[in-house]
Amino acid sequence: MDLIHFAIPGFILLITAEVIFSAVEKRGLYETKDAASSIAMGLGNVFIGLFTKAVIYLVYLAAYEFRLFTLDAALWWVWVLCFFADDLTYYWFHRSSHEIRYFWASHVVHHSSRKYNLSTALRQTWTGNLSGAFLFWIWMPFLGFHPAMVMAMQSISLLYQFWIHTEAINKLPRPIEFIFNTPSHHRVHHSSEIKYLDRNHAGVLIIWDRLFGTFQPEEERPVYGLTVNIGTYNPLRIATHEWAAIWKDLRQARTWREAWMYIFGAPGWDPNGSGKTAKALRKASEAGSAPPAGMPLIQK
């Protein structure tokens, strides 16, 4: 069984504790329909995973048959190496999921809530595995990590990321904030404000963002959600709305290049140059000509 399945009772317990904390402190961290949508998305993700993860394991196993080395899982240092390899891979997968629209179509689900709480951590994609996102990790079994080891480390990373989806924790001691992904760092990642867009892509270690230039400290309380929120609690629409938008854009593409960019360009790309990608919005903001608050990343 997936390690995530064993953690479900813990998720429920911690969410319940946060709901009580929010009520007692009058923080307004939860909204019933929003939390219900997040939980529904999480359950759908687990159900789909019952089928897709078996296929992923077989794909990884096929790559493992052509491995360059055999890394013995009985050795502790192999697990340490696997952890760093997985965490670095997650960083680039996560960053790509914000910079390439094809992967954003699945990942946007996780950012569609305007609340930031532990239930938001459960708001997971239904199409990520189906779209081939798992292939980011295929180099690991090819190198010599056993597929079971790779998939276990992926689950451990997701388990770690559950607890950082909270406003109940402010900032942790500086050494922890410097090395690890924390609630403060991840709140930035979930913000729709220009300064915070496409920042802090870390899984467990924030050092990758510091190293590759995508780190942004939390300076004020973020505004959560998308630059243009989808305005629905319907799980099916939450799961598919960006795929539908891609299809709509493809139907009006005039060239093969436009079709390619609508799929694999940055979210917000437009053939007329009027699109509002995160880079364009940030550049305009730095030049002092930022668009009004609420300007969409993707013009419709």
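The values are calculated or read from the model by the stated rules, or taken from the named source; none is laboratory data. Being a predicted model, the structure only gives us computed values, none of them experimental. As a convention, Cβ positions derive from the backbone with ideal geometry for all residues, glycine included, and neighbour counts pool all protein chains shown.
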Pick from Ala152, Ala63: which is modelled with pLDDT of 95 or more, among the aliphatic types (A, V, I, L, M) and more than 27 Å from Ala40 (Cβ to Cβ)? Ala63
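In the stretch 236-272, which residues are part of a helix (DSSP H, G or I) and touching a helix residue (DSSP H, G or I) at 6+ places or on another chain (Cβ under 7 Å)? Full working, then the answer.
First pass over the stretch 236-272, keeping only residues part of a helix (DSSP H, G or I): 236-251, 256-264.
Once the filter is applied, which keeps residues that are part of a helix (DSSP H, G or I) and touching a helix residue (DSSP H, G or I) at 6+ places or on another chain (Cβ under 7 Å), the stretch 236-272 yields Ile238, Ala239, Glu242, Trp243, Ile246, Asp249, Leu250, Ala259, Tyr262, Ile263, Phe264.
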Being more than 20 Å from the chain's Cα centre (by Cα) and of a type outside the set (A, V, I, L, M, F, W, C) narrows Gly49, Gly42, Gly28 down to just Gly28
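When the residues of the stretch 117-135 are filtered to those that are small (Gly, Ala, Ser) and more than 11 Å from the chain's Cα centre (by Cα), which remaining residue is nearest to Ile164 (Cα to Cα)?
The initial filter retains those residues of the stretch 117-135 that are small (Gly, Ala, Ser), namely 119, 121, 128, 131-133.
After this cut, where a residue has to be more than 11 Å from the chain's Cα centre (by Cα) as well, the list is 119, 131-133.
On the way: Ser119: 11, Ser131: 26, Gly132: 26, Ala133: 23 Å.
Top of the filtered list is Ser119.
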Within the stretch 172-209, the residues that are in a helix (DSSP H, G or I) and in contact (Cβ under 8 Å) with a residue 40 or more places away in the chain are Arg187, Ile194, Lys195, Trp208, Asp209
Could you go through the stretch 33-47 and let me know if any residue there is without any contact (Cβ under 8 Å) to a residue 40 or more places away in the chain and under 22 Å from Trp137 (Cα atoms). yes
With criteria (1) under 27 Å from Phe6 (Cβ atoms); (2) assigned by TED's automatic domain parsing to the domain that holds Asn129, Val188 comes up short on (1)
